[in-house]
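Notes follow the structure.
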Amino acid sequence: MKKGKPFNTLKIMTGNAWEWLCYDKDKLSEADEYTQYKAVFLGNTYSSTVIAIISDLPDHLQLDGHYGVLWLEAIYEYGRAHSYDELRDMQSAIMVAEKNLLTIGMPFTKNYRFHGRNAANMKRRNERLRRLYNLDEKERMDDKS
């Protein structure tokens, strides 16, 4: 097996201002069987809390078959219905979070669909990160166990 850089989501994420939601009572997404981290990002006008839902354990391979960020969710500052502009603001925060995660070295799953004008460049960056951590081989090995 080709050796890659260790894939340690805790080190990648918490070393770059993302907060690990390690207790079930702290988790913000209903996908509580997966690892979750949160950070606050500015959208167009207001800040949103973005939750990264991550596959980083062999048991997590059952959903997507890949390690990395599965998807991102945004929580706006008010727990109510949202206007069109508020939804656009949350989408902007998610796009900022995608760029941030790739910049800090956190890969997404193999088939993640990036957003915004630089989606193709982000996909290439993600492919480089997946090679750096040798995730394809790690997924094959862990899926067999």
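Between the alpha-carbon centres of segment 85-144 and segment 18-42 there is a gap of 17 Å. Angle of helix 119-132 to the longest C-alpha principal axis of the chain, folded into 0 to 90 degrees and rounded to 10: 40°.
Run through segment 1-82 and list the chymotrypsin sites (Phe, Trp or Tyr not before Pro) located in a DSSP loop whose Cβ has at most 15 other Cβ atoms within 10 Å. Write out the running numbers ahead of the final one.
On the way: sites: 7, 18, 20, 23, 34, 37, 41, 46, 67, 71, 76, 78; in loops: 7, 18, 23, 34, 46, 67, 76, 78.
Answer by residue number: 23, 46, 78.
For Cα pairs less than 8 Å apart in space and 6+ apart in sequence, what is the mean separation divided by the residue count of segment 1-125, i.e. the relative contact order in percent?
Working: 183 pairs, mean separation 26.9, N = 125.
Rounded, it is 21 percent for segment 1-125.
3J(HN,Hα) along segment 37-46, derived from phi through the Karplus expression 6.51 cos²θ - 1.76 cosθ + 1.60 where θ = phi - 60°, amounts to 10, 9, 7, 9, 10, 7, x, 6, 10, 10 Hz, with x in place of Gly and Pro.
The alpha-carbon positions of segment 36-121 define a convex hull whose volume is 108 Å³ per residue. Working from Cα positions, state the angle (0 to 90°, nearest 10) between the long axis of helix 135-144 and the longest principal axis of the chain. Relative to the chain, helix 135-144 is tipped by roughly 70 degrees.
Could you list the GluC sites (Glu not before Pro) in segment 50-126 that lie in coil according to DSSP, counting only those with at most 13 other Cβ atoms within 10 Å of their Cβ?
On the way: sites: 73, 77, 86, 98; in loops: 77.
Those satisfying the criteria are 77.
Amide H to amide H distances under 5 Å link residue 35 with 54, 56, where only residues 5 or more positions off or on other chains count and H is placed in the peptide plane. Taking 28 Å as the limit for the C-alpha separation, the pairs 38/138; 3/25; 38/110 exceed it in the case of 3/25. When the GluC sites (Glu not before Pro) in segment 7-51 are filtered for DSSP coil states and for at most 11 other beta-carbon atoms within 10 Å of their beta-carbon, the remaining sites are 30. Over all directions, how big on average is the projection of the convex hull of the alpha-carbon atoms in the chain, in square nanometres? Taking the Cα atoms of the chain, their convex hull projects to 9.0 nm² on average. Each Cα pair of segment 53-92 feeds into the Kirkwood radius, which the Stokes-Einstein equation turns, at 10 °C and 1.306 mPa s, into a diffusion coefficient of 130 µm²/s. Each of 114, 108 has some number of other Cβ atoms within 10 Å of its Cβ, and from fewest to most they run 114, 108.
Laboratory data are not the source of any read-out in this text; all were calculated from the coordinates shown. Nothing here was measured: the structure is a model prediction, and the numbers come from that model. Cβ atoms come from the backbone with ideal geometry, glycine included; neighbour counts cover every protein chain shown.
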